1. Can you return the aspartates and glutamates within cross-link range of B:LYS258? Criterion is Cα-Cα under 12 Å, with same-chain partners fewer than 8 residues away left out.
2. Where the Cα atoms of segment B:206-254 are projected onto their three principal axes, how long is each span, largest first, in whole Å?
3. Taking a quarter of the surface of the convex hull around the Cα atoms of segment B:326-411, what do you get in nm²?
4. Take the Cα atoms of segment B:31-160, build their convex hull, and give its volume per residue in Å³.
5. Gain in length, B:LEU113 to B:GLU312, computed as 0.36 nm per residue apart minus the alpha-carbon separation, to one decimal in nm?
6. Once the convex hull of the alpha carbons of the protein assembly as shown is built, what does its volume come to per residue, in cubic angstrom?
7. Listed here are the pairs A:LYS374/A:LYS451; A:LYS398/A:LYS456; A:LYS405/B:LYS276; A:LYS301/B:LYS418; A:LYS376/B:LYS298; which of them are more than 28 Å apart at the Cα?
8. If amide H atoms are built 1.01 Å from N in the plane of the peptide, which residues on other chains or at least 5 residues away come under 5 Å of the amide H of A:ALA319?
Amino acid sequence: MSKKPEWLKGIIPAIITPFTEDNRINEEVYRELIRYLLPNVDGIVTCGTTGEFIYLSNKEKINLLRITIDEVKDKVPVIFGTACPSTKETLELTYQAMELGATAALVAAPYFIKPSFNELYDHFEILNKVGLPLILYNIPQCAGVHFKWWTAEGIAKLENVVGIKDTSGDIPFMEALFEKVKDEVAILVGHDEVVVAAIAAGADGAILSSANVIPDIWREIYHAVKNKDLDRAQSLQTKIQKMVRIIARNGATQAVKEALHMMGFNVGNSRLPVMKGGVFRREDYEEVRSQLEELGKIPRKDVIFDLGNGKKIVSKYPAVPETPDVVNNFTIRTGEAFSGPPLSEVAHTDLIMGLRGGPVDEAIEKALKRPDSKSKPRIISHRPKIMLVPTVTIRTSKQESQVFKYAAEGIIAAVDDSIKMGVFPEQILDDIVIVVNVFVHPGASIRQRVKLNNYKAMRAAIRKAIESRPTIDEIIREKEAYRHPFRYAP
Amino acid sequence: MAPKLLWLKGIFPALVTPFDKDEKVDEDALRKLVRYVLNDVDGLVPCGTTGEFPYLSIEEQRKVIEIVVEETEGKKPVVAGTSAPATHQVIDLAKNAKDAGADACLITTPYFLHPSSKGVYQHFYEIAKAVDIPIVLYNIPQTVGAYLPPEVVEDLSEIPNIVALKDSSGNLTYTLEVIERVEGRIDILVGCDEVVVPAIAGGCSGAILMSANVFPDIWQRVYKAVLEGNLEEARSYQMNVQKLTRIFNRYGAGLAVKAALNMMGIKVGKARGPLKIGGTLPHEVMAEIQIELEKIGKIKFPDIKFSFPEGEVEHRFYDIGLSPELIKKESFRVGSGIFGDNLERVQVDLVAGSKNSYLGFIYAEQFTHPRHGYEALTAILEPNLMIRPPTLIIPTVELKNLRQANMVYGPGQAGVSKAIADAIASGNIPLKVVDDELILIKLTVHPKALNHHLLYKNVYQATSKAISEAFVVTRR
């Protein structure tokens with residue numbers, strides 16, 4: 001018998017929970033985000049994993065549900081996460097959800113203490129009595145329990161279970177669900193990296209963390225698959241795959257919040273222990289920012305580059321809230337960035353930029369007069385003038401090509417793209433000179449990675465030099481928790 | 001069944017397999033290695049994981065065992081590794097080992113394909129039936145990809161010629177579980193160098209160890225101390241080699257042990273490919289091995305001449321182009337701090353000033369002209385988290401190896417950066433300085449500094465003092 005509801009399909013964001021500076025729910029921004037999402041989505045999941053349900057009190061969750069229902073105004077279904085460690089608490093929250101008018105409850109396996117599979121079944125059998133439609137939520141990455149297909153099948157037979165959300169990314173598991181219960185309940189994919197595959201294979205929709213950021217693109221992908229235009233769907237997914245991979249794997253909550261922040265939503269940060277610069281690393285921030293710049297999701301503003309020699313340039317700059325309105329003091333600006341993986345091919349670029357004729361330029365000219373050696377710094381670009389300085393003494397020709405060919409190619413490509421994006425305006429190319437210290441590990445093998453990592457690091461280092469990042473606030477906030485990779489004995 | 005003759009007690013080195021320049025088994029080196037360890041061990045284990053058994057042909061395995069047996073002259077038992085994925089392959093290898101004179105053979109859980117518990121039992125059962133040589137079971141989940149199930153060990157322990165289990169997992173809950181299950185029918189030996197003391201104290205009869213190639217004498221003392229109940233003594237020996245065993249375990253076993261033996265003058269050649277120094281064993285870790293060997297007296301500390309900068313602090317920046325007159329004329333801030341004792345004593349000499357002053361030129365120049373062995377480094381708290389004001393750290397003692405570089409750029413850099421971050425937070429470095437000024441730090445670290453943690457703390461203290469002198473005491 002099919003219990004699959006007509007309303008449970010399409011693209012559904014697992015909405016984040018915005019917090020204020022003092023860590024309270026920011027209702028105003030939350031409503032603003034719902035309004036941003038509504039035109040492009042088929043439902044809203046509130047208090048899901050991306051919504052940090054686990055860091056919210058039940059009172060806060062109920063409050064969020066109320067606001068969501070109020071702001072959505074029946075335009076789309078509102079699905080509410082009710083998972084708690086114990087059956088009793090989950091049951092109470094699910095009852096409350098029904099009373100308040102949630103369309104359905106999304107229920108992850110009880111976590112921390114891991115129940116057996118018969119206990120899991122009993123848990124859902126008890127919740128089934130509430131009468132609210134239930135969506136079983138498989139998220140082994142967090143709950144620590146990966147539902148067996150036969151457990152999911154059994155639970156799917158309960159009369160009020162209307163769907164299964166699978167966030168595992170385990171396509172063989174999902175295929176087993178299609179085989180067993182596809183006609184009875186809706187099957188939704190929750191892993192952002194495999195959406196096209198899952199929907200093409202038969203999933204009814206997707207509940208996604210990255211749909212907070214790019215609901216429109218996901219909607220296009222969903223409809224392309226449903227209209228059997230797989231080429232279109234694949235090319236769209238490929239275009240966003242890198243960003244989606246970073247978000248899904250590197251702390252969905254904070255990652256989505258930082259992406260939204262870059263776009264101008266004042267959503268705040270995750271609650272501790274998730275922190276800025278933590279599981280969503282600074283290199284992820286820079287990479288997501290580059291992706292969003294390319295997708296045109298970061299608003300542009302006029303930034304004045306005041307070179308101090310009477311020359312002032314205005315650039316249409318893809319600006320985040322921290323981007324200054326005026327960039328000046330070009331005597332020496334510094335920028336540093338690191339990018340991996342893998343271990344041997346990491347890039348660490350460390351740059352200073354300054355004015356032609358200034359101290360940086362003078363240092364370049366002096367370096368050119370030094371005796372020749374394999375490690376002697378080289379000019380790798382004339383416009384802007386860039387000198388590449390190898391951080392590790394070069395001993396072999398393999399090292400030499402890794403540094404002066406592959407790393408250099410990455411660096412030049414990063415400068416080109418920064419120019420294209422308006423981060424490094426075309427009009428200052430003749431005024432600014434750059435010295436970049438490049439670390440390539442002597443054990444580096446994969447040339448393509450050396451190039452790409454240097455590209456990523458250089459693009460970030462330029463941005464950071466222009467924006468004077470990290471800020472003092474960032475340094476002070478992280479000065480106790482920082483993890484220096486070489487500080488410890490092996 | 002008559003009680004088995006259980007004789008696997010004490011310390012057994014899992015011998016490396018020395019290779020010559022053409023990657024052939026180096027007989028002379030192997031004999032030399034056997035002679036080096038023989039007096040301090042209770043038996044020898046050629047062709048184990050440390051002996052790179054997956055990279056040896058059956059002929060090479062035979063040759064290695066024959067050499068070890070011959071050089072041992074029957075003084076100590078030889079337990080030869082005879083592992084392979086398929087049952088019939090192991091039977092051939094075990095017969096071969098017996099013919100070569102081995103006293104027992106050591107056999108891992110079957111690898112690559114993962115048979116069920118039934119298949120694993122049948123594997124050992126068939127081998128035990130087919131060969132006339134005592135068998136040591138070998139649990140090494142790190143390489144096999146699966147544990148040898150404890151219930152299977154319980155049943156295998158009833159087979160007459162299965163005499164022992166070597167457990168390399170390092171997982172003491174597994175070790176104690178099998179000790180309890182086999183009820184003394186077979187010996188359990190620990191194969192993880194990092195947990196020897198607790199394993200033997202917990203009931204293991206001995207240890208088969210990769211690091212017993214390098215310091216069999218220390219392990220013999222550990223073993224005796226535990227048996228005599230001198231746990232405090234045993235622990236202190238274990239702690240003294242803990243870092244070195246961790247390095248061996250994590251950075252390629254045979255590859256890392258070979259590096260250590262080569263440093264000690266027992267030339268055993270390279271590991272076979274794909275393993276290499278610079279890959280599984282990074283160069284900087286090589287240098288750590290050297291220091292640890294010096295610490296336990298297996299190689300000598302070479303004399304190193306160096307000194308801490310002395311005299312007026314303004315006189316300590318000549319080499320980067322700053323004279324006392326210039327420092328005075330430009331009113332640069334200077335400060336110095338010394339902290340700690342002995343090998344971890346640290347000195348920090350600091351100069352700071354405006355980006356738009358002559359210091360800007362010095363900063364750019366140091367950044368652009370790395371002096372070999374004295375490469376300057378921008379201070380960061382961690383990658384992607386640079387400190388402000390921009391700070392360059394310049395080592396004053398030539399960095400001759402990667403380990404020394406690691407000490408300066410690791411604990412050294414972290415200590416400098418944390419001190420600056422704290423000084424900004426406390427107001428010792430005024431906020432307006434952050435955008436306008438630059439800092440240059442000359443950092444003096446003893447080239448033989450041993451303790452990362454202590455070095456970090458000392459650099460932090462010395463930097464804090466230098467900051468205080470430069471920014472607070474002489475604030476202008």
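Here, each number is a calculation from the coordinates, and none is a lab measurement. Quick caveat, the model's predicted, so the values are computed rather than measured. Because the Cβ atoms are built from the backbone with ideal geometry, glycine has one as well, and the counts that use them run over all protein chains shown.
1. B:GLU52
2. 33, 17, 14
3. Working: hull surface 26.4 nm².
Across all orientations, segment B:326-411 yields a mean hull projection of 6.6 nm².
4. On the way: hull volume 14.1 nm³, N = 130.
So the per-residue hull volume is 108 Å³.
5. Details: separation 199, 0.36 × 199 = 71.64 nm, distance 6.97 nm.
Full extension of this stretch gives 64.7 nm more.
6. On the way: hull volume 190.2 nm³, N = 966.
Per-residue hull volume (Cα only) is 197 Å³.
7. Working: A:LYS374/A:LYS451 20 Å; A:LYS398/A:LYS456 22 Å; A:LYS405/B:LYS276 25 Å; A:LYS301/B:LYS418 35 Å; A:LYS376/B:LYS298 39 Å.
Those over the limit are A:LYS301/B:LYS418; A:LYS376/B:LYS298.
8. Answer set, sorted by chain and number: A:ARG300, A:LYS301.
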